[in-house]
Structures are given as C-alpha cells and as structure tokens.
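The structure appears below as structure tokens.
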Amino acid sequence: MTTGNEHTDRPTSPASPDRYVLPVSGDMDLDHVERLTASLRAGLSEAPEGADIVLDLRNSSFCDSAGLNALLTAREQARDRGHHLRLAAPSHQMIRMLEITGTAGLFALDPAVAA
C-alpha cells in the first residue's frame, strides 16, 4: 500500500536480460523529486549493461515539471550508459504533459508493463 509519499520501490528482476523494470509509485512532483531522482539513479546503476530501463508507472498518476525534469535527466543518463528509458503505463495526465511540453517523442511509451 502506498501512502502517496512513496515514489519508487526496489527494482524488479528483468523478465529478460534486455529489460530492467523499475516500479514508480506516488506523485512525481516537487515535493518528492529528490526521492524519485535517487531511485532513478540507483536503477540506472543496477541495470544490466545495455538493458532497456522500463519505468512502471501504473501506480503513479501525477507528474509535474519537477518530475518531468527528473525523467529527462534520467533519460540522458541512461542514454550515456547505453540504455533506453521506457515509460510503461503512463497516466493520461502524464501523456498530456509530454504532448504539451513537446517531450513525448523523447520517450518510448508502452501501454503496459510486459510480463
């Protein structure tokens, strides 16, 4: 059960060596961006070499500009390390924000987390 203050849980084992799933829960906003950033950084360092990093957003319904900036930074860091950052199950609000800010094309979007 999340309290709304939790942002990421422990990364899950990838279903395959080319995929590393990092669950995100709670709001990705200014109040929680430090924890989100720390979790994203940890996920990047733990992901297998060359694996896609899949952010499981099923349990996160809100993202503001601080959260988006954290995701954009993580995307650059992932790219620099040979990874692709994917957003799985983003909320309607998140998709709309990506469209409005012109950043939708920067992320691979998956409708769900692949089993």
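Per the Cα gyration tensor, the chain maps to an equivalent ellipsoid with semi-axes of 19, 16, 14 Å, ordered largest to smallest. Fully extending the segment from Ala112 to Ala42 would add 22.9 nm, taking 0.36 nm per residue of separation and subtracting the current Cα-Cα distance. When you count the other C-beta atoms within 10 angstrom of each residue and take the mean per peptide, 23-34, 93-104 line up highest first as 23-34, 93-104.
Throughout, read-outs are computed from the coordinates displayed, never taken from laboratory work. This is a predicted model, so every value here is computed, not measured. Positions of Cβ are backbone-derived with ideal geometry, glycine not excepted, and every protein chain shown enters the neighbour counts.
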